[in-house]
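Structure first, then comments.
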Amino acid sequence: MSTFSCDDIKTLISQAFEVQAATVADWHRQEPAFSASAPQAPQPDGGPGFLDVLARQHWCNFRLWHVEDRARRKDAGSELIAECKYAIDKLNQERNDLIERLDMFLVGALAPLLPPQDGGARARFNTETIGVALDRGSILALKIYHMKEQAERQGVTPDFVAECTRKLSVLAEQRADLEQSVMDLVDDYAQGRKRPKVYYQFKMYNDPRLNPELYTRKAGA
């Protein structure tokens, strides 16, 4: 089994941000051909597997973006709204499952790099995992692509173009800040200032055993 260095993990994260930016444009030209089943968590020596899971997670956000656009149509009837709602719930479930798989890989890859913890010190954790930060990077990549479309749109006022151009610059800065913050977090882990951990969402709304609206109706209540 390969052991990742801190620089290896940073390189993988940098590649992740690049993949997110590149695939948004590619997927608007042609949808990707993923296998039907979602990938499992990559093994600690599986950098390519990590990027595959990342792309699948990004693809969930890509589809969510466009389903939510469709749901906001003024002429959308109740049937279309219901169809979009079911699709959004399913995609959000898959999206969160894949975030957890990214974090499972990263916690495993970081484990050998962590210095021994002082027995008397309280472990410090980040409010956001790297997987969740990468999900934010995915959404920012989508926002940047679509804001750029608006900044280059024909037949609109100069004020509209200027506004979209300004917002595009802000989004690009936020994405750069996010990537740097993730790199800094990797250093925090490697130097023992924080400990990595997988946080599970345990979404309840899609589980017929946990959602009262599903299990009571199933029981005929």
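A few notes on this one:
- Restricting the range 109-123 to residues that are surrounded by fewer than 18 Cβ atoms within 10 Å (Cβ to Cβ) and at pLDDT 90 or above, the residue that is farthest from D52 (Cα to Cα): P115
- Residue match in the range 165-174 (condition: free of Cβ contacts under 8 Å to residues at least 12 places away in the same chain and under 30 Å from A111 (Cβ atoms)): no
- Taking the listed residues R209, R193, the one that is within 30 Å of G119 (Cα to Cα) and modelled with pLDDT under 95 is R193, with no other qualifying.
- Pairs with Cβ under 7 Å, 6+ apart, first in the range 4-32 and surrounded by 19 or more Cβ atoms within 10 Å (Cβ to Cβ), second among the charged types (D, E, K, R): F17/E179
- Within the range 146-158, the residues that satisfy the criterion of being surrounded by fewer than 19 Cβ atoms within 10 Å (Cβ to Cβ) and in a helix (DSSP H, G or I) are H146, K148, E149, Q150, A151, P158.
- One residue from T129, T165 being over 27 Å from Q57 (Cβ atoms), in contact with a helix residue (DSSP H, G or I) (Cβ under 7 Å, 6 or more places away or on another chain) and modelled with pLDDT of 95 or more: T165
- Residues in the range 93-122 that are farther than 19 Å from Q57 by Cα and in contact with a Cys (Cβ under 7 Å, 6 or more places away or on another chain): L113 only.
- Some residue of the range 171-185 being touching a helix residue (DSSP H, G or I) at 6+ places or on another chain (Cβ under 8 Å), more than 30 Å from F4 (Cα to Cα) and modelled with pLDDT of 95 or more: yes
- Pairs, first under 14 Å from T127 (Cα atoms) in the range 179-205, second of a type in the set (F, W, Y) and surrounded by 13 or more Cβ atoms within 10 Å (Cβ to Cβ), C-beta under 9 Å, six or more apart: V182/F17; R195/Y189; P196/Y189
- Any hit, the range 96-118, residues being small (G, A, S), outside any helix (DSSP H, G or I) and farther than 26 Å from H66 by Cβ: no
- Within the range 88-116, no residue that is more than 13 Å from V186 (Cβ to Cβ) and free of Cβ contacts under 8 Å to residues at least 12 places away in the same chain sits with its Cβ atom under 6 Å from a residue that is among the polar types (S, T, N, Q) and surrounded by fewer than 18 Cβ atoms within 10 Å (Cβ to Cβ) at 6+ positions apart or across chains.
- Just so you know, in the range 159-218 the residues that are in a loop (DSSP other than H, G, I, E, B) and hydroxyl-bearing (S, T, Y) include one that is surrounded by the most Cβ atoms within 10 Å (Cβ to Cβ), and it is Y199.
- So G131, is it in contact with a Phe, Trp or Tyr (Cβ under 8 Å, 6 or more places away or on another chain) and surrounded by 19 or more Cβ atoms within 10 Å (Cβ to Cβ): no
The values are calculated or read from the model by the stated rules, or taken from the named source; none is laboratory data. Just so you know, these numbers come straight off a predicted model, no measurement behind them. For neighbour counting, all protein chains shown are included, and Cβ atoms are generated from backbone atoms with ideal geometry for every residue, glycine included.
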